1. Which value, in Å², gives the accessible area per residue of segment B:52-126 when a 1.4 Å probe is used on the protein heavy atoms?
2. I'd like the residues of segment A:84-123 whose 1.4 Å-probe accessible area shrinks by no less than 40 Å² going from the isolated chain to the full set of protein chains.
3. Once label points are set 7 Å from the Cα along Cα→Cβ at both B:D72 and B:Q129, what is their separation, rounded to one decimal in nm?
4. With the crude spin-label approximation of a point 7 Å out along Cα→Cβ, what separation in nm comes out for B:E93 versus B:Q17?
5. Search the structure for amide H atoms under 5 Å from the amide H of B:T50, placed 1.01 Å from N in the peptide plane, and list their residues when 5 or more places away or on another chain.
6. Describe numerically, in nm with one decimal, the distance between label points set 7 Å from Cα along Cα→Cβ at B:L118 and at A:L31.
7. Mind checking A:76-83 for the average number of partner chain beta-carbons within 10 Å of each residue's beta-carbon?
8. What is the percent carbon and sulfur in the accessible area of segment B:52-126, measuring with a 1.4 Å probe over the protein chains and ignoring ligands?
Amino acid sequence: MSSDNLAHQNTANNVNNVLSTDTFSCVWCGLTVSAQAPDGSRRNHCPSCLHSKHVIDHVEGGPSECGSRMSPIAIAVLRTGDWMIVHRCVRCDELTSNPVSTDDNQLILMRMAVRPLAQPPFPLEAFGTL
Amino acid sequence: MPRRTQPGNRKNRHRPQRYKDVLHGNGGHRANDFRCVGCRLDVSLVAPGTAHRNHCPNCLVSLHVDDRVPGDRASECHGRMEALSLTVRPDGEWMIIHHCLSCGELSANRIAGDDNALVLMRLALRPLQDGSVASSALLTAL
């Protein structure tokens with residue numbers, strides 16, 4: 001509870017603390033990861049399996065009572081070209097988006113990005129003539 | 001352009017308006033239709049493949065009217081929601097993730113059978129559009 005929740009909470013005073021040795025263990029794969037991303041910002045998902053934990057309520061703001069696992073479902077692209085991971089809470093279906101960090105698992109990121117193209121709901125041959 | 005003057009037909013000039021049994025207003029035959037906030041298309045609520053249409057089939061723009069439960073109409077935001085990305089359910093069905101431009105809320109909606117396929121494809125290909133991220137990801141993964 002203690003280190004896990006603290007690691008996910010985006011406290012502004014800890015962002016630039018270089019000497020911070022905070023760690024949290026992933027709720028899905030159990031990997032112990034440092035709470036600090038390579039670019040110095042606070043991490044909110046596991047870099048190995050990209051799963052997160054539902055600790056912030058984005059509808060009403062403030063901490064969430066859910067605390068359940070959030071699985072990555074989609075890649076969103078900002079206008080700047082940066083990628084965001086869209087997480088979905090497996091318990092209450094809440095959606096959040098978080099920026100990717102540089103040491104995130106690239107294989108899972110690419111797999112999520114090309115996932116819609118694997119099973120298109122319409123034939124893609126028609127686009128060849130456009 | 002209607003004719004303002006009707007020469008030679010002066011006696012029928014003040015004919016009372018005919019009674020119309022089709023009501024176009026509230027409760028009429030288009031009571032549930034909506035006009036898209038993005039492209040102003042008049043959209044019928046009858047959609048192939050889904051029972052609840054919640055986004056424009058032409059530009060995929062939606063309106064933030066529901067709170068946590070779909071269909072509850074409890075949100076006070078009423079901002080415009082634009083399609084942010086696509087995700088796939090485990091059964092292979094595409095879902096559009098909408099992003100509220102007013103409050104930043106995200107929501108996932110099923111696609112309908114008459115959604116614009118070109119816009120859907122552009123949305124699906126958007127992560128691969130910018131070559132730098134995608135190619136670096138592929139080079140490190142392989």
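The values are calculated or read from the model by the stated rules, or taken from the named source; none is laboratory data. Remember, it's a predicted structure, so these values are computed and weren't measured experimentally. Neighbour counts run over all protein chains shown; Cβ positions are idealised from the backbone, glycine included. For accessibility, only protein heavy atoms count, side chains too; no ligands or nucleic acids. Shrake-Rupley method; radii C 1.70, N 1.55, O 1.52, S 1.80 Å.
1. Working: 3600 Å² over 75 residues.
Result: 48 Å² of accessible area for each residue.
2. A:L95, A:Q106, A:M110, A:R115, A:P116, A:L117, A:Q119, A:P121, A:F122
3. Placing both labels 7 Å beyond Cα along the Cβ direction yields 3.4 nm.
4. Label-label distance for B:E93 and B:Q17, simple model: 4.4 nm.
5. The list, which skips near neighbours in sequence, is B:G113.
6. 4.2 nm
7. On the way: counts 11, 9, 1, 0, 1, 7, 2, 7.
Mean inter-chain Cβ contacts per residue within 10 Å come to 5.
8. Values: 1800 of 3600 Å².
The computed percentage sits at 50.
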